[in-house]
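Report on the following structure.
The values are calculated or read from the model by the stated rules, or taken from the named source; none is laboratory data. Being a predicted model, the structure only gives us computed values, none of them experimental. We place every Cβ from the backbone using ideal geometry, glycine too, and count neighbours over all the protein chains shown.
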Amino acid sequence: MGAHEVTLLWSWVTSVSPLALTGLAMRIVSVPMGLVTVVKVAPCSLTLQMVRGNIFVVSLSVADLVVAVYPYPLVLMAIFHSGWTMGDVHCQVSGFIMGLSVIGSIFNITAIAINRYCYICHSLKYDRLYSLKNTCFYLLLTWVLTVIAIVPNFFVGSLQYDPRVFSCTFAQTVSTYYTITVVVVHFIVPLLIVSFCYLKIWVLVIQVKHRPSDLRNFLTMFVVFVLFAVCWAPLNFIGLAVAINPLIIAPKIPEWLFITSYFMAYFNSCLNAVIYGLLNQNFRKEYKRILLELCTPRMLFVDTSKCGTEGIKSKPSPAITNNNQAEVDL
């Protein structure tokens, strides 16, 4: 690389918002964790026929990985060129795929909460509610609803390039009513559903006899939920404020505040696989095994069809006994 290229690269780096670079870098760094979940951990879980809710965990990881396929390279190009040079078609497609990732992540978190609620609070009906056929239907429904939630953006014209975040994303100032609808459907409704599910689970957990592992597994779900609420709340509150009076309020929103809230919301997708990897015992074992494989490359070619979680067998849903005691396995 010559001196001229180095100078151009340095001027490019210094011209980009540090918040934007930091946010994008954090998302890119966390992509491998989600990839590991889909490629290595998920097949092992499904082979062992573990809790059927793991299908939604895999779906959540897929939603988090979608953005790495197409939008991220375009965002990097926009950063390098200090603007969008790929045309409107790429902008719309990039915004659509970004929406698939974000809304798919939110809806999958909701689906996981509903699954765990049925597994714990309605254990006697769980096997019927979440048969293989029904589970596949619920998974398909989750993604169909995701697409339905994104398509209206094309008619409203709300997928636009935002130079503050170097991305084609949802523009909060296009339509007051549509912005309010987006906040309600994409944040408030899922928040209420997930809150209800985890509250009912928590009430049951403290009422029945439970093991330390039960609370630890519940903590995993609860941490995912709390991070979802914390990461998405600022951007949605900004959206509601802007929707009230776009012409007056939008210019008053500091750029750093919007960028921070934007990347907090999008970074939530990156945290899900990390949280499951750190707090869930089954996923943690697989991550450790994969790290050992990476340290010993020849192990990558060894047959791993039995997986590192071979000793973990599927458990029946926890049925409530006559004295209202159950084994709660989250």
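Return the pairs, sorted by first residue and then second, in which the second residue is assigned to a loop (DSSP other than H, G, I, E, B), the first residue lies in segment 58-82 and is hydroxyl-bearing (Ser, Thr, Tyr), the beta carbons are less than 8 Å apart, and the residues are 6+ apart or on different chains. These pairs meet every condition: 82/16.
Looking at the structure I just gave you, is residue 287 modelled with pLDDT under 75, surrounded by 13 or more Cβ atoms within 10 Å (Cβ to Cβ) and in contact with a Gly (Cβ under 6 Å, 6 or more places away or on another chain)? Considered against the rule, which asks whether it is modelled with pLDDT under 75, surrounded by 13 or more Cβ atoms within 10 Å (Cβ to Cβ) and in contact with a Gly (Cβ under 6 Å, 6 or more places away or on another chain), residue 287 comes out as yes. Whenever a residue of segment 146-164 is touching a residue at least 60 places away in the same chain (Cβ under 8 Å) and more than 12 Å from residue 103 (Cα to Cα), its partners that are among the charged types (D, E, K, R) and part of a helix (DSSP H, G or I), lying with C-beta atoms within less than 8 angstrom and at least six residues away or across chains, give the pairs 164/255. Once segment 189-209 is narrowed to residues that are more than 15 Å from residue 111 (Cα to Cα) and among the aliphatic types (A, V, I, L, M), the residue that is surrounded by the most Cβ atoms within 10 Å (Cβ to Cβ) is 204. Given (1) part of a helix (DSSP H, G or I); (2) buried (at least 20 other Cβ atoms within 10 Å of the Cβ), identify the lone condition not met by residue 136. It is condition (2) that residue 136 fails. Looking at this structure, is residue 261 buried (at least 16 other Cβ atoms within 10 Å of the Cβ), small (Gly, Ala, Ser) and at pLDDT 85 or above? Here the answer is yes, as residue 261 does meet what is asked. Restricting attention to segment 92-133 and to residues that are without any contact (Cβ under 8 Å) to a residue 12 or more places away in the chain and part of a helix (DSSP H, G or I), the residue that is surrounded by the fewest Cβ atoms within 10 Å (Cβ to Cβ) turns out to be 133.
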